Amino acid sequence: MLTAVIFLVVISVLVFVHEVGHFVAAKRAGMRVQEFGFGFPPRLWGVRRGETVYSLNWIPFGGFVKIHGEDGQDRSSPFSFAAASFGRKVGVVVAGVVMNFLFAAALLVLGNFLGLRVGLFEPALINLATDKQVQIISVSPDSPAAAAGLMPLDAITGFRLSDGSLLRVTGPEQVQEFSLANAGREVTIILSRGGEELALPLALREPVGPTEGPIGISLVMTGVVSYPWYQALWRGVADAGMMFISIVVGYAGIIGSLFTDGRLAGEVAGPVGIATLTGQAARIGFNYLVQFVAVISMNLAVLNILPFPALDGGRLAILIGEKVRGRPLRQHTERLINGLGFLFLLGLMVAVTIKDIGKLF
């Protein structure tokens, strides 16, 4: 229940931030905003304030700002989207993406100030870090770790020895040395997961080549690092830039695989998958939740700028096409393109959600 509440709050905030970008940009451009909606119709509740209806709709995963003239009608009105200059139209379309980027950057600034858990790959970070942990970053399928129920982000704190004593772990090297020395035996591994200590039986295998050890995990030393506010500012913005580039490269690889291999490479999570990950991040700690929400916000920014119908990038592509052609697209054609794009995205969301639910059982 708590996971669902946290997920709904996170999604609500991110949708609100995105749509506020469109809303403010449209108002500043002198356009009439007819509706500011959270979720997609049918409408559950609405109230009018001035010229704008603020609504809550039944399908909660999304939102919209309805601007007068956005479908090309009423080009003679000074308050119409259709009558605005090309630059103002582009500003309104990309404003939601910009807001999601800025929100992610703001979260990363806050995180750098309060403290974020990062990989300790540099000596300088090791000296700055507090609450150091040996964390699992990946679990190989069909490995002893997977069979024992080990999960990414679990922190390994030690091993229970055959005589009942506890071997405390202070670095990844200790885990590797212990597992190699006890390959082929069953041991008890001690984990910290979401503030709870777990003791799980683990049947160590013999190493499988140079890359697959007795456990079947990848480890990293992590710690919480914080900076003064003046350093947190530029570090947060720099982190946001690097995150944006990484996500763009990731999407390019996923989409590219569709053309080269005929399938999407990597895992795509829907609402249920994201809700599960949000709950896990919240249980592990506030700093994880801040980082995770920043990642979701940046993903929304990149996803929305893709030139696909029904997304901001699709609308931007139409505007650029109209500018090149020297005349607007016919209203019914644009509506058909966006309608088909929306149906495709809705179907994709349903398919991914079914896949996410299947993983839970």
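Figures for the structure shown
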item	result
Gain upon complete extension [MET151, GLU322; 0.36 nm per residue less C-alpha separation]	56.6 nm
Share of carbon and sulfur in the accessible heavy-atom surface of region 203-243 [1.4 Å probe, %]	66
Residues whose placed amide H lies under 5 Å from that of LEU219, excluding near-sequence neighbours	ILE137
Share antiparallel - DSSP beta bridges, region 1-137, percent rounded to 5	75
Length released on extending from ARG160 to GLU197, taking residue separation times 0.36 nm less the Cα-Cα span	12.0 nm
Positive-end residue of GLY195, VAL175, PHE159, charge dipole of region 80-212 with Cβ unit charges	GLY195
Virtual spin-label span in nm between LEU56 and ASP131, 7 Å along Cα→Cβ	3.3
Cα gyration tensor shape of region 204-258, rounded if a/c is under 1.5, else prolate or oblate by comparing a/b with b/c	oblate
Amide H contacts under 5 Å for GLY115, placed H, 5+ residues apart	TYR227
Distant-in-sequence amide H partners of GLU35 (H built 1.01 Å from N, under 5 Å)	VAL53, LYS66
Rg/Rh (Cα only; Kirkwood hydrodynamic radius) as it applies to region 70-128	1.40
Whether region 112-258 is rounded, prolate or oblate, judged on the alpha carbon gyration tensor where a/c under 1.5 counts as rounded	oblate
Surface per residue (accessible, 1.4 Å probe) for region 24-170, Å²	51
Longest to shortest principal axis, alpha-carbon extents of region 82-194, angstrom	80, 36, 23
Relative packing of peptides 321-331, 126-136, 91-101 - highest average C-beta neighbours within 10 Å first	91-101, 126-136, 321-331
Span per principal axis, largest first, for the Cα atoms of region 1-132 (Å)	64, 39, 21
Solvent-accessible heavy-atom area per residue, rounded to whole Å², over region 203-246 at 1.4 Å	55
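The values are calculated or read from the model by the stated rules, or taken from the named source; none is laboratory data. What you see is a predicted model, and the numbers here were worked out from it, not measured in a lab. In this analysis, Cβ positions are derived from the backbone assuming ideal geometry, glycine residues included, and neighbour counts consider all displayed protein chains. To get the accessible areas, we keep the full protein, side chains included, count just its heavy atoms, and leave off ligands, DNA and RNA. Shrake-Rupley method; radii C 1.70, N 1.55, O 1.52, S 1.80 Å.
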